[in-house]
Amino acid sequence: MQQPRTAISLTGVTKRYGEPPSQEYALRGVDLEVKQGEVLLLMGPSGSGKTTLLSIMGCILSPTDGDVVVAGQSVTGLSTGNLAKVRLDNLGFVFQEYNLFPTLSVIENVMVALDLRGMNRKDSAETAMSALENVGMAEKAHVYPETLSGGQKQRLAIARALAGSPKVILADEPTAALDSENGRLVMDLMSSLADDGTRSVVVVTHDQRTFEFADRIITIEDGLLLPPREMNNIRKSRKT
Amino acid sequence: MIVTIARQNLLHDKVRLAVTLTGVVFAVVLITIQIGLFIGFTHTISAVIDHSGADVWVTSPGVKNFDIALPLTKEKYYQVLSAPGVEKASKFIIQFADWKKPDGGQESIEIIGFEPDKKMGGPWGFVKGTPAMLDLRDAVVADQLYMEKLGIKKQGESVEINSRKARVVAFTRGIRSFTTSPFVFASYKTALQFSHLRPDELTYILAKAENGITPGQLRDSIARNVNGVDSYTTTEFSDKTREYWMLNTGAGTSILLAAFLGLVVGTVIVAQTLYATTLDHIGEFATLKAMGAPNSYIYFILITQATLSAILGYGFGIAISYLAASISQFAAMAIIIPFEVAVGMFFLTLVMCVSSSLISIRKVMTLDPALVFKGR
């Protein structure tokens, strides 16, 4: 059987804030691999370093030490402009507070992601509509985000993240602001994004209801990773 | 999408948009009207010279402007008349005088005397009466713009100029005076009676060149053949008078300073409101950066916002300015806005608004996309 390829790899990643003697460690020598087609949950108490880890995986923060490889490309030492290019080409983001553009309609929110990739307006409108159909939001294409429920907003955020066909979706507490039913719907949707085996999903969460959607759960404490908990195909069996 | 985002960012907060546009409109109106006043004053200052129809003005030595000059004698007039290249010459008087209104009030005027048959230096733009009426005894011509100031209501009214009887036989429209004293035209003979000049004195000699002689050649010929006078082509004397009033007295400088202040105040207001709009949308800009947008994408959004503000503000501002210019036709102060000024103002407004967005651009340049994550 062919081994899944690595989407993101972190080797000896350390992140320090401040200068001695008041230096604080957010991450201490983290080694981690995210496989293609994997749904990985990152858990841990507040201040444990999980959002820092997500930011480094997302090329938004640079590590103090260590190496980060995204889609086969080492991003260590890249300029902010080149890091932005890596994000644009490989990564999609879903945020706890949705981070939608309130002045744009639902479809325009998705079209922005395509415009950044240089797609013309006509094609981006068609692709955006297709992405909205995938998350069951096509009928809301021309309303503004303020009229949507929390679950709908998160589905829109997922459509926007998906629109650029990223290799990895990084989600920060995507269910934190949702009730249990919408939380399940959103996690089910996110989990399904990895079903074709080419895309990975990394989710930072406190929400234990999300466990059943994961392939692997990693807990982080004081900037160190604890041994991963393999979910033994629970996710795949849930699908069947 | 950049234009859509920029437009929607502006329209999202209509109150802030109104404040931004107010800043732009304020700056456009203030600058345009100040420049329009400057041009209007410049035209007004030299209007009598420019409309004189003369090629050369002969003055007493050292004259600095049209309104104030020492007298010449008639002897100089005859010397000018006999200078080579002179087709004809005309006597011209300008003197400040007291005008006694029909109801008894008093006003200062500038009485201008010219020779109607020589057709140089006379009034223009007649709306009531004709130039021929100046041949009547004690006849004077005033401008409609100053009827109220001069206390006259109709043609034919009698007044006193320097305690001598005068009769307003005709009206012009649009002959303004830069000083507070309106111009009143009369024939040379009539004006001489109103003035404090001796019968053999005059203020200027206006000369017309023979065919084939340029104004510059005529000026040089007069300078060679007549001693104790200065001679200028009409253009030179017009420029000299404008330069004196607009630059040497500080009148023009103060107008241009007000225009500059308008630019500064407008820039500050627009910069503040655009910056506030940027701060309102800072989370969205951070999201764009996190999504992989290059800084240039966000700069273009900010510059487009500034450009849209400039276009809207300019539209309102220039319309108000032209309205003011149109109303000024009926006022003692002329506001003249040539097409070139309107075009120039458009580009100045663009520069003002785009430079106002630089503070916002600087903010976005240093924006950390990690803002998108809570609890980092």
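The values are calculated or read from the model by the stated rules, or taken from the named source; none is laboratory data. All values reported here derive from a predicted model rather than from experimental measurement. Here the Cβ positions follow ideal geometry from the backbone for every residue, glycine too, while neighbour counts run over all protein chains shown.
If I filter the stretch A:151-165 for residues that are buried (at least 22 other Cβ atoms within 10 Å of the Cβ), modelled with pLDDT under 90, part of a loop (DSSP other than H, G, I, E, B) and not charged (D, E, K, R), do I get at least one hit?
Scanning the stretch A:151-165 turns up at least one residue that is buried (at least 22 other Cβ atoms within 10 Å of the Cβ), modelled with pLDDT under 90, part of a loop (DSSP other than H, G, I, E, B) and not charged (D, E, K, R).
Closer than 30 Å to A:R28 by Cα, buried (at least 20 other Cβ atoms within 10 Å of the Cβ) and among the basic types (K, R): is that true of A:R199 in this structure? Lay out the reasoning, then the answer.
On the way: closer than 30 Å to A:R28 by Cα: yes; buried (at least 20 other Cβ atoms within 10 Å of the Cβ): yes; among the basic types (K, R): yes.
So A:R199 passes the test.
Of all residues in the stretch A:101-116 being within 15 Å of A:E146 (Cα to Cα) and more than 8 Å from chain B (Cβ to nearest Cβ), which is farthest from the chain's Cα centre (by Cα)?
A:S105
Let me spell it out: the conditions are (1) within 14 Å of chain A (Cβ to nearest Cβ); (2) touching a strand residue (DSSP E or B) at 6+ places or on another chain (Cβ under 8 Å), and B:S60 meets all of them except one. Which number is the exception?
(1)
Take the conditions within 14 Å of chain B (Cβ to nearest Cβ), part of a loop (DSSP other than H, G, I, E, B) and not aromatic (F, W, Y) and apply them to A:L27. Does it pass?
The answer is no for A:L27.
Test each condition in (1) within 14 Å of another protein chain (Cβ to nearest Cβ); (2) surrounded by fewer than 24 Cβ atoms within 10 Å (Cβ to Cβ); (3) out of contact with any helix residue (DSSP H, G or I) (no Cβ under 8 Å at 6 or more places or on another chain); (4) under 27 Å from A:L116 (Cβ atoms) for A:I169 and report the one that comes out false.
Of the numbered conditions (1) within 14 Å of another protein chain (Cβ to nearest Cβ); (2) surrounded by fewer than 24 Cβ atoms within 10 Å (Cβ to Cβ); (3) out of contact with any helix residue (DSSP H, G or I) (no Cβ under 8 Å at 6 or more places or on another chain); (4) under 27 Å from A:L116 (Cβ atoms), the odd one out for A:I169 is (3).
For the stretch B:322-376, which positions are within 14 Å of chain A (Cβ to nearest Cβ), outside any helix (DSSP H, G or I) and among the hydrophobic types (A, V, I, L, M, F, W, C)?
Hits for the stretch B:322-376 are B:L367, B:F373.
Quickly run through the stretch A:61-81 and pick out the residues that are of a type in the set (A, V, I, L, M) and in a strand (DSSP E or B).
Once the filter is applied, which keeps residues that are of a type in the set (A, V, I, L, M) and in a strand (DSSP E or B), the stretch A:61-81 yields A:V68, A:V69, A:V70.
Collect the residues in the stretch B:283-309 that are within 12 Å of chain A (Cβ to nearest Cβ), surrounded by fewer than 19 Cβ atoms within 10 Å (Cβ to Cβ) and under 28 Å from B:F26 (Cα atoms), keeping them in residue-number order.
Answer for the stretch B:283-309, where residues must be within 12 Å of chain A (Cβ to nearest Cβ), surrounded by fewer than 19 Cβ atoms within 10 Å (Cβ to Cβ) and under 28 Å from B:F26 (Cα atoms): just B:F300.
Considering the stretch A:73-88 alone, what residues qualify as being over 18 Å from the mean Cα position of the chain (by Cα) and either at positive phi or facing chain B (nearest Cβ under 9 Å) (or both)?
Result: A:G77, A:T80, A:G81.
Just checking, which of B:L30, B:L37 is in contact (Cβ under 8 Å) with a residue 40 or more places away in the chain, touching a Gly at 6+ places or on another chain (Cβ under 8 Å) and not assigned by TED's automatic domain parsing to the domain that holds B:K91?
Numbers: B:L37 fails: touching a Gly at 6+ places or on another chain (Cβ under 8 Å).
Only one candidate passes the filter, namely B:L30.
Under 6 Å between Cβ atoms, which residue pairs at least 6 apart in sequence (or on different chains) link something in the stretch B:55-77 that is in contact (Cβ under 8 Å) with a residue 24 or more places away in the chain with a partner that is among the acidic types (D, E)?
Hits for this filter: B:T59/B:D230; B:P61/B:D230; B:P71/B:E201; B:T73/B:D200; B:K74/B:D200.
Hey, among the residues in the stretch B:308-345 that are in contact (Cβ under 8 Å) with a residue 60 or more places away in the chain and among the hydroxyl-bearing types (S, T, Y), which one's nearest to B:N9 (Cα to Cα)? Reasoning before the result, please.
First, the residues of the stretch B:308-345 that are in contact (Cβ under 8 Å) with a residue 60 or more places away in the chain: B:308-310, B:312-314, B:316-318, B:320-321, B:324-325, B:328-338, B:341-342, B:345.
With the extra rule that they be among the hydroxyl-bearing types (S, T, Y), the set shrinks to B:309, B:314, B:321, B:328.
Values: B:S309: 11, B:Y314: 19, B:S321: 28, B:S328: 38 Å.
Filtering first and then ranking leaves B:S309.
Of all the residues that make up the stretch B:183-213, how many are touching a residue at least 12 places away in the same chain (Cβ under 8 Å), more than 30 Å from B:K165 (Cβ to Cβ) and not in a strand (DSSP E or B)?
Qualifying residue count for the region: 3.
Of all residues being within 11 Å of chain B (Cβ to nearest Cβ) and crowded, with 21+ Cβ neighbours inside 10 Å in the stretch A:172-186, which is farthest from A:T205 (Cα to Cα)? Just the residue, please.
That would be A:D172.
Would you point out which residue out of B:L17, B:L72 is over 30 Å from B:E148 (Cα atoms) and crowded, with 22+ Cβ neighbours inside 10 Å?
B:L72
Among the candidates A:G12, A:G44, A:G18, single out the residue that is over 17 Å from A:V86 (Cβ atoms), small (G, A, S) and without any contact (Cβ under 8 Å) to a residue 40 or more places away in the chain.
Criteria check complete, one pass: A:G18.
Table: residues versus (1) buried (at least 16 other Cβ atoms within 10 Å of the Cβ); (2) away from chain B (no Cβ under 13 Å).
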position	(1), (2)
A:S22	no, yes
A:V34	yes, yes
A:L40	yes, yes
A:S55	yes, no
A:G66	yes, yes
A:N90	yes, no
A:Q96	yes, no
A:G118	no, no
